[in-house]
Protein chains: 2
Amino acid sequence: MARKTGSHSEITGPRIRAEAQRLFARHGFAAVSMRQIAAAVGVQAGALYLYTPDKEALLFDLLKSHMEELLSAWAEVAPRTEPLAALETFVRFHIRFNLTRAEAVFLSYMELRNLSPGNFAVIEGLRRAYETELEKILIAGRAAGVFALPDTKLATLAIIAMLTGVNTWYREGGRLSLDTVEATYWDMVRKAVGA
Amino acid sequence: MARKTGSHSEITGPRIRAEAQRLFARHGFAAVSMRQIAAAVGVQAGALYLYTPDKEALLFDLLKSHMEELLSAWAEVAPRTEPLAALETFVRFHIRFNLTRAEAVFLSYMELRNLSPGNFAVIEGLRRAYETELEKILIAGRAAGVFALPDTKLATLAIIAMLTGVNTWYREGGRLSLDTVEATYWDMVRKAVGA
DNA sequence: AGGTTATCTGAACATTTGTTCAGTATCAAA
DNA sequence: TTTGATACTGAACAAATGTTCAGATAACCT
């Protein structure tokens, strides 16, 4: 046997990335073998190397794509209004976006240590860029006198950690609706920044 | 060669757990081999099995010990005063305790998925017990009218996520002192709960 | 229809994995 | 000083790891 009927790189490529993300998120990067990913796709292990130079590049590709999509999704909705409304937009955006990509978020927080130093720095830079987006809002708000914050950098990290925490417990169809969750977190954040 | 001079289980046992924790936290459970742990201790891989039945039990032991120490450390300082003071105690305790055990905290959040279902349930139960400690304070505070919270369960998870986030960025000797960090987080939490 | 390119198989490779165990050296007590 | 328990070595095991590659089949283009 060799090439399979109906085989196309535009189909196999995304499927490999999807299955890799699912398995990495579920069992951890090091615990998942290339053969497991291949089996999930329905292909032999050797075929994966038509789509990635090696295993780490597969992980890096997933993390980098996720961070870039996060940044560009934010760029599309990022408001140029007053800080309070901007902060609410950020809070709701972060919760909603992260919940729709729980696996990718999980990976981005868990598997950074499996990257080589160079690749690590790239992801770290993208993450910092995203954090800066929030901090810009906090700085503007403090300058305008609507936020009371002793340290905007600390507040940035605290808020992001709090919001990302939603991913660890929220389940669709659970006790609280997404809209209720968003509203409740926004209420806490608004009060926490002193507005 | 066989038994080494000066060898004692009271020394080797703790050293194995310490090195395992360090390596698991740094590279991930699945990425660390029994031979690496043994080498860090200065012993052959076979010797590890005098102290643990298998690799997973070693991880489980670390996670369980950490959670039990967390709970008993909290039990020692847990105040029976009014909710506002109790909440401040919790915030400061959580930050301080977690920072002194960064590796164990990291493990407890990252490597749960490498546990068998039975062991997973044990750790999950301990974690829930700890969360309940905070929620009891929030419930009491809301009943007393000093906290304004729509959902104490959600607030519990939000606060813990926010506080635990300190571990990802705080470094001793950095820009902010531990006391400043504690005070700043406490200020945000206090405002967030509406007190 | 025929030739070219794209896609995948299946076997192979050297390493590494968790774990077991018979043997051996050290320790502690009598 | 002898004896039994304790702590470790070193070799061995089958299974699994990431990765490579020659060969084979399907899809596409002329």
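The values are calculated or read from the model by the stated rules, or taken from the named source; none is laboratory data. This structure is a prediction, so every number in the text was calculated from the model and none was measured. Here Cβ is always computed from backbone atoms with ideal geometry, including for glycine, and neighbour counts include all displayed protein chains. Just the protein is used for accessible areas: all its heavy atoms, side chains included, with ligands, DNA and RNA removed. Shrake-Rupley method; radii C 1.70, N 1.55, O 1.52, S 1.80 Å.
Accessible surface of B:L149, taken over heavy atoms with a 1.4 Å probe and every protein chain present, rounds to 20 Å². Placing a pseudo-label 7 Å from each Cα along the Cα-to-Cβ vector at A:A45 and B:K136 gives an inter-label distance of 5.1 nm. First check a/c for segment A:1-52, with a ≥ b ≥ c the square roots of the eigenvalues of its C-alpha gyration tensor; if it is under 1.5, answer rounded, and if not, answer prolate when a/b is larger than b/c or oblate otherwise. Since a/c reaches 1.5 and a/b is larger than b/c, the shape of segment A:1-52 is classed as prolate. Relative contact order of segment A:1-52: 30 percent, from C-alpha pairs under 8 Å at least 6 residues apart in sequence. Among complete DSSP H helices in chain A, those whose alpha-carbon atoms stretch at least 15 Å along the helix's long axis and whose mean Kyte-Doolittle hydropathy reaches 1.6 are A:152-164. For the chain pair A and B, the interface hides roughly 2700 square angstrom of accessible area in total, found with a 1.4 Å probe. Counting only protein heavy atoms and a probe of 1.4 Å, the accessible surface of segment A:1-97 is 54% carbon and sulfur. If you put a point 7 Å past Cα along the Cβ direction, how far is that point for A:T100 from the same point in each other copy, in nm, smallest first? Going from nearest to farthest copy, the values are 4.5 nm.
In this label model, A:A195 and A:E124 are separated by 3.1 nm, measuring between points 7 Å along each Cα→Cβ vector.
How do B:D187, A:D179 rank by accessible surface area computed with a 1.4 Å probe, from largest to smallest?
Details: B:D187 40, A:D179 95 Å².
I get A:D179, B:D187, largest accessible area first.
Does segment A:56-192 come out rounded, prolate or oblate by the C-alpha gyration tensor, with a ≥ b ≥ c the root eigenvalues, rounded set by a/c under 1.5 and, if not, prolate when a/b is larger than b/c and oblate if not? It is oblate, given that a/c is not under 1.5 and a/b is not larger than b/c. Taking B:G42, B:G173, B:G141 in turn, the Gaussian network model of chain B (Cα-Cα springs below 10 Å) assigns the largest fluctuation to B:G173.
Normalising the average separation of contacting C-alpha pairs (under 8 angstrom, six or more residues apart) by the number of residues puts the relative contact order of chain B at 23 percent. Which lysines, on any chain, are close to A:K191 with Cα under 22 Å apart, when same-chain ones fewer than 8 places away are left out? A:K191 reaches A:K136, A:K153, B:K136, B:K153, B:K191. Approximating the spin labels as points 7 Å out from Cα along Cα→Cβ, the A:R175-to-A:L112 distance works out to 3.1 nm.
Can you give the accessible area per residue of segment A:56-192, in Å², using a 1.4 Å probe? Spell out each step's value before the answer.
Numbers: 5920 Å² over 137 residues.
Per-residue accessible area for segment A:56-192 comes out at 43 Å².
Among A:I37, A:H8, A:A86, whose Cα projects farthest towards the positive end of the dipole of segment A:6-130, with charges put on the beta-carbon of Lys, Arg (+1) and Asp, Glu (-1)? Among A:I37, A:H8, A:A86, the one farthest towards the positive end of the dipole of segment A:6-130 is A:I37.
With the label put 7 angstrom out from Cα along the Cα-to-Cβ vector, A:S9 ends up 6.0 nm from the copy partners, going from closest to farthest.
Between copies, the label points of A:R175, set 7 Å from Cα on the Cα→Cβ line, lie 3.7 nm apart, reported in increasing order to one decimal in nanometres.
Computed on protein heavy atoms with a 1.4 Å probe, the accessible areas place B:E103, B:E135 in the order B:E103, B:E135, largest first. Bridging of B:K64 to aspartates and glutamates at a Cα separation below 13 Å is possible for B:E56, B:E111, B:E124, once same-chain residues fewer than 8 apart are set aside. Charging the Cβ of each Asp and Glu at -1 and of each Lys and Arg at +1, and nothing else, the dipole of the protein assembly as shown about its Cα centre rounds to 660 debye.
Arrange the residues B:T132, B:T156, A:T5 by how much accessible surface each exposes, largest first, with a 1.4 angstrom probe. Don't skip to the answer; put the middle values down first.
Values: B:T132 60, B:T156 0, A:T5 140 Å².
So, going from the largest accessible area down, we get A:T5, B:T132, B:T156.
A:K191 contributes about 40 Å² of solvent-accessible surface, heavy atoms of the protein only, 1.4 Å probe. With the whole protein complex present, B:M110 retains an accessible surface near 20 Å², based on a 1.4 Å probe.
Here the extension length gained between B:L71 and B:H27 equals 13.2 nm, from 0.36 nm per residue of separation less the Cα-Cα distance.
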